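Everything on this sheet refers to the single structure shown next.
The values are calculated or read from the model by the stated rules, or taken from the named source; none is laboratory data. Just so you know, these numbers come straight off a predicted model, no measurement behind them. Positions of Cβ are generated from backbone atoms using ideal geometry, with glycine treated the same way; all protein chains shown enter the neighbour counts. Side chains are part of the model used for accessible areas, which takes the heavy atoms of the whole protein and leaves out ligands, DNA and RNA. Shrake-Rupley method; radii C 1.70, N 1.55, O 1.52, S 1.80 Å.
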Amino acid sequence: MATPSRSAGLAGGALAALGVAAFAATLFPPVALEPVDRWALSVLALALFVAGQSLRRGAGRFAILGFFFLTGGAAQLYMTEPLWFPALHLKPQNAREWIAAAVMAAEGAVALLTLARLGIGRLAAEAGRRLGWGRIAIFLALTTLFASPILNYVGRGAGAAYAAHVVVGGALLSLHLVVLIAMSLVKSPVSGLYRLSPVAPAAFTVAASLALGAFAFQHLPHVEDEVAYLFQAKTFAAGALSVPAPPLAAQPGLDYYLLQVRGGRWFSTSVPGWPLALAPFEALGVPWLLNPILAGLSVLLAYAIALRRLGRDQADLVALMMASSPWLLAAAASLMPHTLTLALMLFGWWMVIRAEGAGRAGRRLFAAGLAFGWIFLTRPLDGLILGGLTGIWVLAGPRGSVARAAAYAAGCVVTGALLLLHNLAMTGSPLRMALSDYLDGHWAPGANAFGFGPDIGPPGRWGALDLWPGHGPAEAALNTINLTASLQFDLLGWSVGSLALIYAFFLWARGKRVFDWAMVAVAATVILVMAFYWFADSYYFGPRYWFLAAFPLFYLSARGYDALRARFPAGEGAHVRIDSILALSCLFGLLVFTPWRGAMKYFEYGNFHTSYRRALAAGTFGNAIVLVAKNGEPGSAFMLNDPWFAADRPIFLLDTGTLDEAALKAAFPGRAIVRFDAGWQARDARG
């Protein structure tokens, strides 16, 4: 490798130092900055540091391209609405967005100049020979098709606007791809390949999700379901399925989604698998710790599975993509159950794979069954889908037999039957869930059913989240398109599209294996079955109903990357250069996209805020009855309630304006009644 000149080394060191200084300015800004501007400054710091380090290693062209790849992709995010359905501003709305547009234009100019120097005609001919122009066209068409969500445009009849966003989004994805191609053709700052123990990406996953949970999610619920999960975890931690009903005078102020008072008892109607797992952590006061631990375990298990099926190179890649996935990190930073189901699925598959060898197969298959039974206890439909597919593999796959399937099924029954027992205790029928009772009573019988029909869905309209009354094939198709666009955005957070390597698998992988097709079948089944559910949730942290397809998608991405590597010669450092741009893409997802999501979406998402928690920690309330003004999401206060109304803790009630204060004093003698207005404003109302 040629030694970089002294001047290049000094310039690179200066750029890297400037990057460090810019990062310090994000921590201690000299003037007040909006969250998006502080984030943009952090991206500039990263880009300067990457460019400086590349220049110091004698990779000047890579330094320039890398700088504009990071800043250009960030500029696109800067001009993107961050909430429910991310939408690009096609026309800059202020001077800062005009600057962002100029950065993207500069990115394109630098990429084209680099390719022109290298010979565009020769490169195009080589690409056509190795990849095939027909397949390249299919790749670009798929990338463009899912460049923008669709539901927000269909909901308001804005077909022309949708088409414009798809075309512009596809063009920008192609622009970032051109930059990556240019980087793959110039000298890399990396001189060789490096290996890390799988413990490293697993530990990083834990640390990154803990940081995201602390600073962006603030260890808060962000949807009503999470408040119900915390309530249920508190009751389970005390060994109870329910608690005595609150006094009648307090019940209007405690009315909350998924919490029910019936038969003199108060309880959460959530499915019990996740609250049961959460209960010990809730008892210790650290419910936010479980998901990051499960995410780290998931990385280790995914690595172990990929190692057995693919080898170490691809296993390393699966671990790298998982550790940098905004989708996985956001799920792990939340209080939702999806990381638990992913870890259970991977543990179950790891046991099944290990059972293919000699010895202790029955015990391992029983353990696998226990895992899938707990998925059923947590998310019943997920348990049926994945448990059923895995059972077919155990019965008919390698070394499959009825005896092996029986051991697996026995494990499923042991933990899965806990849901039936819970149903029996809560509703009087093992086949009737408390959740079904609750939604049937608040919506209409069968409104939350699975399948097509005119009466399926919540009463009234949920806007673009539920386009039309009922649920039918057209809505299912639109939901699936929208969720795929969300997956392309959130799975890896790559500016070239998170599904690029999955497309590469189908278009260019040779010699597809049995386990490859098994992963395709799992992902396809999850996607197909979920199309029959009326609600296509992508507004929180991506398509969470597809979350159990995460490992198959990472696995297929690794196979797609291997297919691209095989299409290009290994000589003259080609693989090192390709690996460098893969690492930079993962860096973009981790240090550009994920912080953008954290700052611009997850922080105080759903109008949950810490005002009540901070006031409680400061001793503001004592053991008073606190009537809270409707200020943000009431769950911000309700999550702090003790289900038994302990004498030394306050009771938070929503001030409905109709609460009988005399009756409250009689119901809770010795407690003062105070009114509390958090004085909190939603971010878009702060001016």
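Report whether or not Y555 is among the aromatic types (F, W, Y) and either at pLDDT below 95 or within 14 Å of I385 (Cα to Cα) (or both). No.
Among the residues making up the range 175-212, those that are closer than 21 Å to T71 by Cα and open to solvent by 40 Å² or more (accessible area, probe 1.4 Å) are L177, V178, I181, L185, K187, V190. Which ones in the range 411-443 are aliphatic (A, V, I, L, M), more than 28 Å from P458 (Cβ to Cβ) and either open to solvent by less than 40 Å² (accessible area, probe 1.4 Å) or outside any helix (DSSP H, G or I) (or both)? Correct list: A417 only. Among the criteria (1) touching a strand residue (DSSP E or B) at 6+ places or on another chain (Cβ under 6 Å); (2) assigned to a helix (DSSP H, G or I), the one Y555 does not fulfil is (1).
Looking across the range 471-497 at every residue that is in a loop (DSSP other than H, G, I, E, B) and in contact (Cβ under 8 Å) with a residue 40 or more places away in the chain, the one that is surrounded by the most Cβ atoms within 10 Å (Cβ to Cβ) is identified as L492. The residues on offer are A17, A47, and the sole one that is surrounded by fewer than 20 Cβ atoms within 10 Å (Cβ to Cβ), part of a helix (DSSP H, G or I) and of a type outside the set (V, I, T) is A17.
Among the conditions (1) open to solvent by 60 Å² or more (accessible area, probe 1.4 Å); (2) part of a loop (DSSP other than H, G, I, E, B); (3) at pLDDT 95 or above, L276 misses just one, which is (2).
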